[in-house]
1. Most fluctuating residue of Gly260, Gly58, Gly183 in a GNM of the chain with Cα springs under 10 Å: which is it?
2. Can you tell me the relative contact order of the chain? Whole percent, Cα pairs under 8 Å, sequence separation 6 or more.
3. Quick check on the chain: helices-only [θ] at 222 nm, where DSSP H runs of length 4 and up contribute -39,500 (n - 2.57) each and the sum goes over total residues. Nearest 500, please.
4. Sum up the charges of everything whose Cβ sits under 14 Å from the Cβ of Gly150, counting Lys and Arg as +1 and Asp and Glu as -1, but leave Gly150 out.
5. Post the alpha-carbon centroid distance, segment 1-44 to segment 89-152, in whole angstrom.
6. Tilt of helix 317-326 relative to the longest C-alpha principal axis of the chain, in degrees (0 to 90, nearest 10)?
7. Each label point is 7 Å from the Cα along the Cα-to-Cβ direction; what then is the distance between the points at Phe284 and Arg305, in nm?
8. What does the highest-first list of 196-204, 117-125 look like by mean Cβ count within 10 Å?
Amino acid sequence: MKQVVLASYASGNPKPSDFRVEDAPIPQPGEGEVLLRTLWLGLDPLIRFAIDEKRLSGVTQVHPGEVMYGPTVSAVVASNHPGYAVGDVVEDRTGWREYAVVAPDKADWRGPPRKLDPALAPVSTALGALGMPGQTAHACVIGIGRVAAGETVVISAAAGAVGSLAGQIARIRGARVVGIAGGPDKCRGLLGLGFDAAADYKAPDFAEQLAKALPEGADVFIDNVGGEVMLAVLPHLKRGARMPVCGFIAYYGMGMEGPGPDKLPGFFRAIMSKGLEIKGFGGFLVGGQQALDDIAGWIAEGRIRCPESVVEGLEAAPEAFAGVFSGNSHLGKLLVKVSG
Ligand SMILES: NC(=O)c1ccc[n+]([C@@H]2O[C@H](COP(=O)([O-])OP(=O)(O)OC[C@H]3O[C@@H](n4cnc5c(N)ncnc54)[C@H](OP(=O)(O)O)[C@@H]3O)[C@@H](O)[C@H]2O)c1
């Protein structure tokens, strides 16, 4: 089978050369174990946390030569565990490889492989709307953002898995939603998902686009990015605005200190003078099962769409993962189709 290992710790944003594709024997399941064939691999930006030489945040660390970490949807192809049968489809975190053996009774705090119901929705959605990104989007809007009808919500990295869902959930809550994304195609995609307005942060007139989209300011800023995009939004936040800090992808390659200049003084000025309510959180934990139930209901009612962008084959994973940080055209959840 093929597997992707970390070639060297990442420095800055991930590059395809940080990874290496290898051949390896297909593992065999022992007592109480299950053999999984990977169908889908999700390329979450948070995987970047696992490949720093020094662990800065996150719970998983991958060292050079080890198989890359990552969430997957897989088919059970052999089972020595009474809870799993050949043909079951499960979601787990088996990494960037074509086959994996798991021991459900020895699972970590995130739990054993989650059995999926293919009748509910395409199984790939377990890595997007009906999985951790969906739980995170729900948490951004409801658990942490407390978005109410009539409010205005602005979302950075809005065309990504979390942002595209968060915007649709905020619309269901009765809010006006403005998305920020890179490039006219992504901005058009946001309008197609029902966002009220979109601003292209890569356009020279981004500041004007943002001002036009937020004439009354914003009550909630769901930030996935940090950096210059976040600084551009701050002046538009109303007094007491809530700011769920979902992610800070602009800084993921920087460790603990950026190259400067130091923009923290302006950030703190906005926090204090506007009385901002800023909160970080783990979407998987805050969203929980309630998020999955709500989103499944909205999908069934046709109120939520789950855009996916798919790259084919495990070998494509390194380049696709690097593209998340350096520019790509994906709308919604970015997936690798590992096998059919
Ligand atoms: N708190 C949690 O539990 C939790 C859970 C899941 C995800 N997250 C975080 O939430 C964020 C979104 O995740 P996702 O799964 O939606 O990711 P995604 O689908 O991969 O989308 C990420 C997008 O971020 C944008 N981006 C990348 N670098 C950027 C930069 N320097 N400046 C501005 N935009 C940039 C890119 O879109 P453009 O083409 O528009 O630039 C990219 O496609 C990430 O920060 C992720 O780590 C947090």
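What follows draws every value from the coordinates through simple rules; no lab data is involved. This is a predicted model, so every value here is computed, not measured. Cβ sites come from the backbone with ideal geometry, for glycine too, and all protein chains shown count toward neighbours.
1. In the Gaussian network model the winner is Gly260.
2. Working: 767 pairs, mean separation 67.8, N = 340.
For the chain, the relative contact order is 20 percent.
3. -7000 deg cm²/dmol
4. Working: positive: Arg146, Arg171, Arg173, Arg176, Lys238; negative: Glu151, Asp196, Glu216, Asp219.
Around Gly150, the charge tally is +1.
5. Each part's Cα centre sits 19 Å from the other's.
6. On a 0 to 90 degree scale, this one is about 10.
7. Modelled inter-label distance: 2.9 nm.
8. Values: 196-204: 18.6, 117-125: 15.3.
Ranked by mean Cβ neighbours within 10 Å, highest first: 196-204, 117-125.
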